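All remarks here apply to the structure that follows.
The values are calculated or read from the model by the stated rules, or taken from the named source; none is laboratory data. Just so we're clear, the structure is a prediction, and the values are computed from it rather than from any experiment. Positions of Cβ are backbone-derived with ideal geometry, glycine not excepted, and every protein chain shown enters the neighbour counts. Note: accessible area is taken over every heavy atom of the protein model, side chains too, but ligands, DNA and RNA are not part of it. Shrake-Rupley method; radii C 1.70, N 1.55, O 1.52, S 1.80 Å.
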Amino acid sequence: QVQLVESGGGLVQAGGSLRLSCAASGNIFSIYTMGWHRQAPGKQRELVATISSSGGSINYEGRFTISRDDAKNTVYLQMNSLKPEDTAVYYCAARRRSSGWGEAYWGQGNQVTVSS
C-alpha cells in the first residue's frame, strides 16, 4: 500500500510561485511513475506533469516543473508565473509502469488558489 501526503498549497497572487510536495511512504520511485494532476471546479481532472521511474519528466504546463528527491522519497511541483486559471485542487499520484492513472494511488489533494 502506497501512501502519499501532499503539502505546500495555499493562496497566492497572480504572477507568484508555489512549490507543492508529495511525500511517499517508502522508496517507490524506482518502480512507480509519479504524476501531478489538478481539478478545477466544474472541470475534469487533468494531468499536469509526470516523472518516470528512470527520472524522465514531462511537464505539460510549461510554467510548471516536476522533480523528485529520492533520498527524501518526495516529489515536487514547482509552479511559476501562476494565473487565476491555475486555481484547482492538485493531486499527487503514483502508478506502476504497466498501469493507468485509474489504478494509481492518490494523495489527499491540495488546494491552490491564485488571486487576480
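Give me the extension gain from residue 40 to residue 67: residue separation times 0.36 nm, minus the current Cα-Cα distance, reported in nm with one decimal.
Working: separation 27, 0.36 × 27 = 9.72 nm, distance 2.27 nm.
Contour length minus the Cα-Cα distance gives 7.5 nm.
Roughly how many nanometres apart are two label points built 7 Å out from the Cα toward the Cβ at residue 57 and residue 17?
My value for the distance between the label points is 1.2 nm.
Near the amide H of residue 49, under 5 Å away, which other amide H atoms are found, from residues 5 or more places off or on another chain, if H is placed in the peptide plane?
36, 60
Considering only the other residues whose Cβ falls under 11 Å of the Cβ of residue 81, what net charge follows from Lys and Arg at +1 and Asp and Glu at -1?
On the way: positive: 63, 83; negative: 61, 86.
Within the 11 Å Cβ shell, the charges total 0.
Apply the a/c threshold of 1.5 to the C-alpha gyration tensor of the stretch 72-116 and tell me whether it is rounded, prolate or oblate. The partial results should precede the final answer.
On the way: a/c = 2.65, a/b = 2.04, b/c = 1.30.
The shape class here is prolate.
Specify whether the C-alpha gyration tensor of the chain places it in the rounded, prolate or oblate class, a ≥ b ≥ c being the square roots of the eigenvalues: rounded for a/c under 1.5, otherwise prolate if a/b is larger than b/c and oblate if not. Intermediate values should be presented prior to the final figure.
Working: a/c = 1.84, a/b = 1.64, b/c = 1.12.
Note, shape of the chain comes out prolate.
Extending each Cα 7 Å along its Cβ direction at residue 85 and residue 47, get the distance between those two points in nm, one decimal.
Here the answer is 2.1 nm between the modelled labels.
Heavy atoms only, probe 1.4 Å: what % of the accessible area of the chain goes to carbon and sulfur, would you let me know? Numbers along the way, then the final one.
Values: 2660 of 5940 Å².
The nonpolar share, carbon plus sulfur, comes to 45 percent.
Kindly write out, for the stretch 17-28 in residue order, the coupling ³J(HN,Hα) from the Karplus curve 6.51 cos²θ - 1.76 cosθ + 1.60 (θ = phi - 60°), rounded to whole Hz, with x marking Gly and Pro.
Computed from phi, the couplings for the stretch 17-28 are 10, 9, 10, 8, 10, 9, 8, 9, 7, x, 8, 10 Hz.
Net charge around residue 19, counting only other residues with Cβ within less than 13 Å of its Cβ (Lys, Arg = +1; Asp, Glu = -1)? Intermediate results must be reported in sequence, preceding the final value.
On the way: positive: 63, 68; negative: 6, 69.
Around residue 19, the charge tally is 0.
Whole-Hz Karplus ³J(HN,Hα) for the stretch 110-116, in order, using 6.51 cos²θ - 1.76 cosθ + 1.60 and θ = phi - 60°, x for Gly and Pro?
Using θ = phi - 60°, the values come out as 9, 6, 10, 10, 10, 8, 8 Hz.
What relative contact order, as a whole-number percentage, does the stretch 4-116 give when Cα pairs under 8 Å and 6 or more residues apart are counted? Write down the numbers at each step before the final one.
Working: 280 pairs, mean separation 39.6, N = 113.
Averaging sequence separation for qualifying contacts and normalising by length gives 35 percent for the stretch 4-116.
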